[in-house]
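The values are calculated or read from the model by the stated rules, or taken from the named source; none is laboratory data. Since the structure is predicted, the reported quantities are computational estimates derived from the model, not experimental observations. As a convention, Cβ positions derive from the backbone with ideal geometry for all residues, glycine included, and neighbour counts pool all protein chains shown. Areas reflect the complete protein model, heavy atoms only, side chains present, ligands, DNA and RNA absent. Shrake-Rupley method; radii C 1.70, N 1.55, O 1.52, S 1.80 Å.
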Amino acid sequence: MGEKANQSQKDITGFRPPEDFVRNAIVNDPDIYRRAEEDPESFWEENAGGIEWYRKWDRVLEWEPPHSKWFIGGKLNACYNCLDVNLDQHADKTAIIWEGENGDIRNYTYKELLEEVCRFANVLKGMGVKKGDIVTIYLPMIPEVVISMLACARIGAPHSVVFAAFSGDSLATRIGNANSRVLITCDGYSRRGKIIEQKNKVDDGIRSCGLIDQVIVVRHMGNEITMKDGRDIWWHEAMENSDSSCEPEVMDSEDMLFLMYTSGTTGKPKGIVHTTGGYMVTTQTTTKFVFDLKNEDIYWCTADCGWITGHSYLVYGPLSNGTTLVIYEGAPDYPDKDRYWDIIERHKVTILYTAPTAIRTFMKWGASWPQMHDISTLRLIGSVGEPINPGAWLWYHENIGMGRCPVVDTWWQTETGMIMISPLPGITTTKPGSATLPIPGIKAAVLDDKGNEVAPGQDGYLAILDPWPSMVRTVFGNEERFIETYWIKWDNKTYFAGDGAKKDEDGYFWIIGRVDDVIKVSGHRIGSAEFESILVSHPSVAEAGVVGKEDELRGEVIYSYVTLKSGIEESNELKKELTAYAEKNIGPFARPRQIIFSDDLPKTRSGKIMRRVLKAIANEKDPGDVSTLQDPAVVEMLKEKTRMLESA
Ligand code: WT7
């Protein structure tokens, strides 16, 4: 094969996919965009054929804005579609290649995974878990997290997976909101060779919420823990005599599949509700289309099951396509900075899906690390979670994709459930830094405050104009918040994504970042209000304003402006204490970069802290008109303090 055929061709507009990639791609006919646009319902209906239904739907869509129902009357089971359906052809195909941080490897074939899932489903049933009961899962990236999720899906119990690095308190808040009685966790897990005491965090956290009746504990690290009599049981003991077959529950298309908590603009995280039919159809379809997923692929998504990416593109999308997936427990720099490339070489990974912060970190470490390994099995690479700057995109394409792998920069959200804006690798000419175009069946636009489309090149708000099958159905227990957050901005039928964006002359989307009070630290979503409410719960703190500051590596970092209670002295010790306090209350990924003490904060006359002004100050930008502030002089004072930090 000639050089030319397998290198991406760079022309004036961007990178065209290599010819041989196009030839073999699952989707390579651009007509798909036209077909989907002309009749989106038929398009999704056609794709619903990839799922096995117990009963076919009566109607594809019912749209009573802002509420949608999809595949109405259809009956299915998500777990059945991830496992049982693969037994005919792929019973002995590897479903999961798991690698522990310490190098342990555990593989599961589809048949083995199904057996484990059924056994665990029976354990849950034996504990009295019924269809509709929400089960909380607080596990790191070990096979049991996937087994638990699928076991829940099998018996129709929605799961709520809480990111393992969250604190015990954050866990308790989520358990409380979901009203969960059963929790699945482990003794501990490994991070850079150190044991994180997961069970201790559980014991501390749930003491206060008093809801959990039963805790199932996976023995993973063997660290010493206390088992509470009558509440805690070991996973392996429960599994011992459990039957390895379990009939899947017949679920309605609109039954809840899972809850996923995410941060928003208020102090409390919101439970995003996803249902079964539409979600399964679109995660299966988009995994196939965007990653060009084939039977032989070894697919590695580095996301954690504690976030939506780990749900849609690690569990439900890939497994419902009968894929072999790689799961890695640990840190990318343990024992050394080549761990990812070592994993790719040893397991012959063909598709890699990771995050911009990781890519920028690899870039900082240097290309010599991937060069130590043969990563030539890769044929497609993806990015998700935050805007990827053109420099990082180009580095990724050149050094990991060898100038040959198409890069798919995928824009989507917890709320969308599925990838919404992304290249189709066998069709789309990519431009570094742009997520390119809405995928077939999705209509997106960049609007101004009034809901009018802005001109090419102008900043505006990213909006989704039509319903899609895996859209958020509501905020759990808080319908009002659902409406307020996503729908009232315009006309109650246009979805407000919370992101700023622009479109170029070619119709390509460039995502700028959040326009609401959500901070994205290394792709993790952290709410300003959530963070502030934690800081002000500290006995020394009177008021706090928390904003994101742009950061080359992490996208954004957290700047906290804090007013202390009268009589409390500013000190470095107190800064450290507050940092530790925030970390304990949320988790280590939310450590504030700076805590800035100040006697006053920029406030409106009614006393509301103006985060917009603080954000400008933190980023050393012009805060605009500050004449309406209670005390405009505060701005200069804070600017000075911030400048001093930068030069320190
Ligand atoms: C927010 C959603 C999507 C799953 C993981 C994060 C940002 C996500 C991109 C991208 C620019 C992106 C947006 C979005 N975001 N992907 N490719 N380019 N920004 O899910 O935690 O719900 O966060 O992540 O700001 O609103 P999430």
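Data table
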| read-out | value |
| --- | --- |
| Enumeration of residues in the stretch 463-482 that are in contact with a Leu (Cβ under 8 Å, 6 or more places away or on another chain) and not in a loop (DSSP other than H, G, I, E, B) | ALA463 |
| Residue in the stretch 345-361 that is away from the ligand (no atom under 16 Å from the Cβ), in a helix (DSSP H, G or I) and surrounded by 23 or more Cβ atoms within 10 Å (Cβ to Cβ) present | no |
| Qualifying residues in the stretch 253-274 (those that are of a type in the set (S, T, N, Q) and within 17 Å of the chain's Cα centre (by Cα)) - the one modelled with the lowest pLDDT | SER263 |
| Verdict on ALA501 being buried (at least 21 other Cβ atoms within 10 Å of the Cβ), touching a residue at least 12 places away in the same chain (Cβ under 8 Å) and not acidic (Asp, Glu) | yes |
| Any hit, the stretch 437-445, residues being open to solvent by 30 Å² or more (accessible area, probe 1.4 Å), part of a loop (DSSP other than H, G, I, E, B) and within 13 Å of the ligand (Cβ to nearest atom) | yes |
| Those residues of the stretch 144-182 which are of a type in the set (A, V, I, L, M) and farther than 18 Å from ASP304 by Cβ, in sequence order | ALA151, ALA153, ILE155, ALA157, ALA172, ILE175, ALA178, VAL182 |
| Boolean, GLU569 is open to solvent by 10 Å² or more (accessible area, probe 1.4 Å), touching a residue at least 40 places away in the same chain (Cβ under 8 Å) and away from the ligand (no atom under 11 Å from the Cβ) | no |
| Matching option when the condition is under 22 Å from the mean Cα position of the chain (by Cα), open to solvent by 10 Å² or more (accessible area, probe 1.4 Å) and over 26 Å from THR282 (Cα atoms), among ASN452, ASN389 | ASN389 |
| Qualifying positions in the stretch 306-331 - small (Gly, Ala, Ser), within 16 Å of the ligand (Cβ to nearest atom) and in a helix (DSSP H, G or I) | GLY310, SER312, GLY317 |
| Qualifying residue in the stretch 69-82 (condition: at negative phi, among the charged types (D, E, K, R) and either assigned to a helix (DSSP H, G or I) or open to solvent by 70 Å² or more (accessible area, probe 1.4 Å) (or both)) | yes |
| Tally of residues being closer than 18 Å to TRP411 by Cβ, more than 9 Å from the ligand (Cβ to nearest atom) and either open to solvent by less than 10 Å² (accessible area, probe 1.4 Å) or in contact with an Asp or Glu (Cβ under 8 Å, 6 or more places away or on another chain) (or both) across the stretch 475-498 | 2 |
